[in-house]
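Input: a single structure, listed below in structure tokens.
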Amino acid sequence: MKSWIWMLMLAMCFVGEAAAQKKGVTLVCRSDDPFVFCTQGCKDEDKNWIPVDPISATWVAVPGYCLFPSPSPCCAGAVCLQAWTPTAITALAQYESICPEAKKQGKWTGQKRPENVPFAH
């Protein structure tokens with residue numbers, strides 16, 4: 001009987017630990033690869049911003065795009081900058097909230113470029 005009590009207590013410890021884990025977020029860019037997402041941002045039509053430092057969540061707008069997330073073009077006089085895609089706006093919010101959680105930036109040590117492992121993304 002005592003062994004059942006110990007097994008039950010042990011099982012309850014694992015249940016509590018599993019419940020305490022933080023639920024993951026699916027990234028909208030880069031096939032849910034956090035290293036590539038945090039170091040390179042989005043690509044193609046969603047590349048409206050570029051990561052500068054993922055740990056401090058700093059970024060710059062891609063030249064030609066609005067300086068801040070905007071679903072419509074930004075115009076000042078005769079100069080108009082392109083609107084951001086909805087995916088780029090969502091991705092920036094994810095970048096600012098998720099990437100600083102790493103606390104320090106790792107270095108890529110693979111033989112291929114990180115965006116090509118295990119497939120191009």
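General observations
- Just one residue in the set Pro73, Pro63, Pro86 is free of Cβ contacts under 8 Å to residues at least 24 places away in the same chain and surrounded by fewer than 12 Cβ atoms within 10 Å (Cβ to Cβ); that residue is Pro63.
- Selected residue (criterion: surrounded by the fewest Cβ atoms within 10 Å (Cβ to Cβ)) from residues of the range 32-60 that are assigned to a helix (DSSP H, G or I) and β-branched (Val, Ile, Thr): Thr39
- Any hit, the range 51-71, residues being more than 20 Å from Gln40 (Cβ to Cβ), at pLDDT 95 or above and over 23 Å from the mean Cα position of the chain (by Cα): no
The values are calculated or read from the model by the stated rules, or taken from the named source; none is laboratory data. Model, not experiment: these values are computed from the prediction. Backbone-built Cβ (ideal geometry, glycine too); neighbour counts: all protein chains shown.
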